[in-house]
Every structure is written in C-alpha cells, then in structure tokens.
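Before any comments, here is the structure.
Derivation of every value follows stated rules applied to the coordinates shown; laboratory data play no part. Just so you know, these numbers come straight off a predicted model, no measurement behind them. Don't worry about glycine lacking a Cβ; one is built from the backbone with ideal geometry, like all the others, and counts go over all protein chains shown.
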Amino acid sequence: MCVYRFRHAPLLSILDFRVSDSPALDIVSLISSISLETLLVIALYVVLGGLYLVVIPLLLYGWMSQRWPRMGKVERLGIYGLVFLFFPGMVVFAPFLNLRLSGQGDV
C-alpha cells in the first residue's frame with residue numbers, strides 16, 4: 001500500500017485568507033484603472049446591445065400591432081425581414097406581448 005505524504009508545509013487555505021491582506025477593490029479605483037478608450041468601447045457595446053435587444057424589437061412590436069391589418073405586401077415583407085434580423089430581441093419579449101387580432105367580437 002502506497003501512501004503519499006507531503007514533506008512541505010501545506011498551502012494557505014481559503015480560511016487563512018484575510019480581507020486585510022487584499023488590496024481595496026472599489027468601483028472608483030477599478031474604473032479609474034481602465035483607459036478611456038476601453039470605457040468608450042464598453043459603452044458602445046452596451047448601447048448597441050441595448051438597441052439590438054430592447055429598443056428596436058419593442059418599436060417593431062409596436063409597429064406590427066398598429067399596422068398589421070392594413071399592411072401592404074411590400075411593407076409586410078420588410079417587417080418579416082426586420083423580424084428575422086432582430087430575432088433575439090423579439091424572442092426576449094415574445095412571452096410578454098399579445099399580438100393576436102381582436103377578431104369579429106361575439107359570434
């Protein structure tokens with residue numbers, strides 16, 4: 001039977017780690033350590049992602065709910081293309097929106 005034993009001292013465990021040993025990490029020092037160009041790129045990604053996933057799909061849903069019964073062939077084709085283009089954002093809001101037509105009323 002082979003038993004492995006370590007001859008050196010064990011490494012520090014998680015319990016031995018003290019907060020006072022780590023440098024202070026607050027949001028201000030973190031942001032100030034990042035360059036301005038990097039912050040601009042991050043902000044641009046957030047803005048474009050918000051437009052792609054939130055703003056344009058909601059505008060598209062609003063347009064479809066207002067114009068669906070009166071759309072022409074070309075407009076409907078354009079809307080289908082936009083739905084295909086902005087599909088990830090449309091899927092995010094699909095469970096919460098009801099675009100069914102009102103129907104004929106009581107029959």
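Structure summary
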| item | result |
| --- | --- |
| Where labels lie 7 Å past Cα in the beta-carbon direction, separation of R70 and V46 in nm | 3.9 nm |
| Contour minus Cα-Cα distance for L77 and I56 (0.36 nm per residue) | 5.8 nm |
| Ranking of F84, F93 by count of other Cβ atoms within 10 Å, fewest first | F84, F93 |
